[in-house]
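One structure is given here, and the rest of the page talks about it.
Any read-out appearing in this document is the output of simple, stated calculations on the displayed coordinates, not a laboratory observation. Only a predicted model underlies this, so the values are computations on that prediction, with no experimental measurement involved. Counting neighbours? That spans all protein chains shown, and the Cβs are built from the backbone with ideal geometry, glycine included.
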Amino acid sequence: MTFALKEFIASLAGAKAPGPNTTFTVFHIFYALELMSQKTIGRNKLAEQLNVGEGAIRTIISRLVDAGLITTSKEGCTLTSKGKRVWKEFEEAFPKRMPVEKSELANADCNYAFLVKDSGHKVKSGIDQRDAAIVAGARKAIVIVSRNGHLRIESVSENIEKEFPKAVSQILRDLKPEDNDVVIIAGAETALKAKRGAFAAGWSLLDNAKKKAAAP
């Protein structure tokens with residue numbers, strides 16, 4: 001995902017002067033586009049899936065229409081060609097997104113994983129990503145980096161395959177991380193909060209999209 005696109009998506013969720021603050025976030029823009037990428041979806045169903053009220057869904061749809069990302073009809077909301085291009089960039093940044101089973105690593109009621117491509121060099125201690133997930137509604141989050149053929153959790157384990165074999169088996173099978181990829185697993189009491197937390201942690205890693213080229 002380009003830095004310009006990240007700013008563009010953030011602007012869609014921001015407050016517009018002189019109007020009131022928005023009651024939705026970048027996650028709701030992302031999730032709305034994800035749902036529309038699968039099929040045309042009606043306003044009521046979209047509001048239900050995003051867990052937002054009538055006013056918020058009207059604003060989300062209006063902003064997506066104004067940005068040229070979707071069209072609306074009696075059947076519902078559909079991505080435009082521009083919307084499909086934007087969604088493709090999301091999929092390149094987060095190619096795998098799925099619920100995960102309870103395991104030694106993911107033991108919340110609901111657990112959701114995001115694979116973030118080629119971002120391992122941006123993870124320091126993982127605290128920033130965990131904080132982002134918790135602010136977004138998750139109860140906990142784990143940040144796993146694929147490095148030199150092993151999965152590691154910074155400041156916890158250099159090689160988690162030995163300590164958490166069941167969890168690692170699922171990660172390797174379902175998410176298929178490659179070198180320098182990041183796997184974020186967020187846990188919460190609901191599936192939506194877990195997904196929102198995993199997205200927020202992944203989104204925080206895209207802040208430094210321009211900095212990789214400058215790194216030694």
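A few points about this structure:
- Placing dummy labels 7 Å off each Cα toward the beta-carbon, the span from GLU7 to LYS102 is 4.6 nm.
- Approximate spin-label separation GLU163-GLU178, in nm, with each point projected 7 Å along Cα-to-Cβ: 2.8 nm
- Distance violations [Cα-Cα > 23 Å] among LYS74/LYS193; LYS74/LYS195; LYS6/LYS195; LYS16/LYS195; LYS6/LYS176: LYS74/LYS193; LYS74/LYS195; LYS16/LYS195; LYS6/LYS176
- Nearest-0.05 FRET efficiency for GLU75 and ASP131, computed from C-beta distance (R0 41 Å): 0.50
- Annotation: peptides 68-75, 195-202, ranked by per-residue average of other Cβ atoms within 10 Å with the highest first, follow the order 195-202, 68-75.
- Tilt relative to the chain, helix 81-93 - C-alpha long axis, 0 to 90 degrees, to 10: 20 degrees
- Rounded to the nearest 10 degrees, the inclination of helix 3-13 to the longest alpha-carbon principal axis of the chain is 50 degrees.
- Inter-label distance, nm, simple model (7 Å from Cα along the C-beta direction), GLU54/LYS39: 2.6 nm
- Between GLU89 and LYS16, the FRET efficiency estimated from the beta carbon spacing at R0 = 22 angstrom works out to 0.40.
- Given charges at beta-carbon only (K, R positive; D, E negative), |dipole| of the chain in Debye: 460 debye
- Evaluated at q = 0.09, 0.12, 0.20 Å⁻¹, a Debye calculation over the C-alpha positions of segment 71-216 (equal weights, vacuum) places log10 I(q)/I(0) at -0.29, -0.49, -1.20.
- For the chain, the longest principal axis of the Cα atoms and the long axis of helix 165-174 meet at an angle of about 40 degrees.
- For segment 95-144 versus segment 22-74, the gap between their alpha-carbon centres in whole angstrom: 25 Å
- Counting DSSP beta bridges with both ends in segment 93-216, the antiparallel % (nearest 5): 100 percent
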